[in-house]
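Asker: Sharing a structure with you now.
The values are calculated or read from the model by the stated rules, or taken from the named source; none is laboratory data. What you see is a predicted model; the values in this text were computed from it and never measured. Note that each Cβ is placed from the backbone with ideal geometry, even for glycine, and that neighbours are counted across all protein chains shown.
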């Protein structure tokens, strides 16, 4: 008589699930989008070329470096979790407003925005 085997084990950041018949399938962690936005002025005009680094809120290595495009934004998918987005370089002719980093919580189906205000000539 065959017995069905069910179980789950955590492998790295993914989940490995063993289903009936001993076949294993890997499940990726859930992801959401993180958007960086750079604006200037009362009209909130987009700022191109703001460089940022993304780390986990618990510190550690840089997970990504992101640079805003022509529309003043850049978006990237990340697994669930808390992230710190920090400005690493400001475009020429601009100065960063009061904040140098933003913490955001990424969850599936969400797109939190790390907004940075600049003063540009």
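Asker: Mind counting the residues in segment 89-106 that are surrounded by 14 or more Cβ atoms within 10 Å (Cβ to Cβ) and over 14 Å from residue 57 (Cβ atoms)?
Answerer: Total satisfying the criteria: 5.
Asker: Still on this structure: Which residues, taken from segment 52-81, are part of a strand (DSSP E or B) and either over 17 Å from residue 112 (Cβ atoms) or in contact with a helix residue (DSSP H, G or I) (Cβ under 6 Å, 6 or more places away or on another chain) (or both)? So that I can check it myself, show each step before the final result.
Answerer: Going through segment 52-81, the residues part of a strand (DSSP E or B) turn out to be 52-56, 64-67, 73-79, 81.
Across segment 52-81, the qualifying residues are 65, 67.
Asker: Would you confirm whether any residue within segment 82-97 is modelled with pLDDT under 95 and within 30 Å of residue 121 (Cβ to Cβ)?
Answerer: Step one: filter segment 82-97 for residues modelled with pLDDT under 95, giving 97.
Imposing the further condition that a residue be within 30 Å of residue 121 (Cβ to Cβ) reduces the set to 97.
There is at least one residue in segment 82-97 that is modelled with pLDDT under 95 and within 30 Å of residue 121 (Cβ to Cβ).
Asker: Which of the numbered conditions does residue 43 fail, given that it passes all the others? Conditions: (1) in a loop (DSSP other than H, G, I, E, B); (2) modelled with pLDDT of 95 or more.
Answerer: Unmet for residue 43, out of (1) in a loop (DSSP other than H, G, I, E, B); (2) modelled with pLDDT of 95 or more: (2).
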